[in-house]
Amino acid sequence: MIYTPPEINKLLIKNFGSPKNFFSLPRLNKVVLNYRVAEARESQEALLAAEKELTAIAGQKPAVTRSKKSISTFKLRQNDPLALKVTLRGIRMYHFVEKLFNLVLPQLRDFKGMGNTQFDQNGNYSLTIRDQTYFPEVNLNNVSKIRSLEITLNITAASIADSKMLLSTLGFPFQK
């Protein structure tokens with residue numbers, strides 16, 4: 001079930017009591033997807049294939065992240081493509097979160113829930129899925145290389161406990 005922000009707020013108020021200020025409730029602000037493509041410097045086809053995969057996963061066209069300066073030890077020149085990045089907001093964000101929580105994470109091998117240590121000091125949650133083929137939109141016949149997808153859930157919360165409360169209300173599978 002797709003939760004809209006008013007439904008989330010009603011669940012948060014019901015589960016954890018009435019807040020002093022309605023706007024102090026934690027919210028999911030955005031979801032950022034990073035898709036590193038190491039071979040993009042040498043091969044434009046690899047970048048295009050990765051862009052198709054990330055477009056299918058996210059439902060929106062990714063932006064190419066380029067190097068800011070040259071580093072000779074890594075054979076990296078300025079403006080070389082490094083990765084693809086998508087920022088999801090609104091209804092696309094909630095569709096992706098529902099798909100992530102209900103379809104992708106339970107498919108992971110030996111999955112017992114996600115850890116509590118991936119929160120940063122602002123309450124954002126970061127996780128890495130090491131194989132993009134867990135997503136149902138990715139066509140397995142067209143996958144040339146297994147790549148990892150880094151996902152950051154940006155949460156407007158005062159503390160890590162508030163962020164954890166929001167994610168558990170959304171149905172995030174934490175370790176017991």
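Overview of results
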quantity	calculated
Proximal charge balance of Y94 [Cβ under 14 Å; K/R count +1, D/E count -1]	+3
Estimated distance in nm for a label pair at K145 and F101, the labels positioned 7 Å out from Cα along Cα-to-Cβ	3.4 nm
Degrees, to the nearest 10: 44-58 long Cα axis against longest axis of the chain	20 degrees
Dipole moment magnitude, nearest 20 debye, segment 24-176 about Cα centre, only Lys, Arg, Asp, Glu C-beta charged	320 debye
Across K68/K145; K75/K145; K68/K176; K10/K112, pairs whose alpha-carbon gap is larger than 31 Å	K68/K176
Tilt relative to the chain, helix 90-99 - C-alpha long axis, 0 to 90 degrees, to 10	90 degrees
Distance in nm between pseudo-label sites at I13 and D131 (7 Å out along the Cβ direction from Cα)	4.4 nm
Positive-end residue, the chain charge dipole about Cα centroid, Cβ charges, pick of A49, G59, F74	F74
Distance (nanometres) between label positions extended 7 Å along Cα→Cβ at T87 and A56	2.7 nm
C-alpha long axis of helix 160-170 to longest principal axis of the chain, angle in °	90 degrees
GNM top mover of R130, R147, R109 - the chain, alpha-carbon springs below 10 Å	R109
Cα-Cα separations in segment 1-148 greater than 19 Å, expressed as whole percent	63 percent
Cβ-based charge dipole, the chain, positive-most Cα from I13, H95, G113	I13
Potential extension, Q118-E39 segment - 0.36 nm per residue separation minus Cα distance	25.6 nm
The chain, helix-only ellipticity at 222 nm - DSSP H runs n ≥ 4, -39,500 (n - 2.57), divided by all residues, nearest 500	-8500 deg cm²/dmol
Of Q78, Q132, Q118, the one that fluctuates the most in a GNM where the chain has Cα springs shorter than 10 Å	Q78
Counted charge near A49, where neighbours are those whose Cβ lies closer than 11 Å (Asp, Glu -1; Lys, Arg +1)	-1
DSSP bridge pairs, segment 45-176: antiparallel proportion in percent, nearest 5	90 percent
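Every number here is computed from the coordinates shown, using simple stated rules; none is lab data. What you are looking at is a predicted structure, and each value in this text was computed from that prediction instead of being measured. Here the Cβ is made from the backbone with ideal geometry for all residues, glycine too, and neighbour counts use every protein chain on show.
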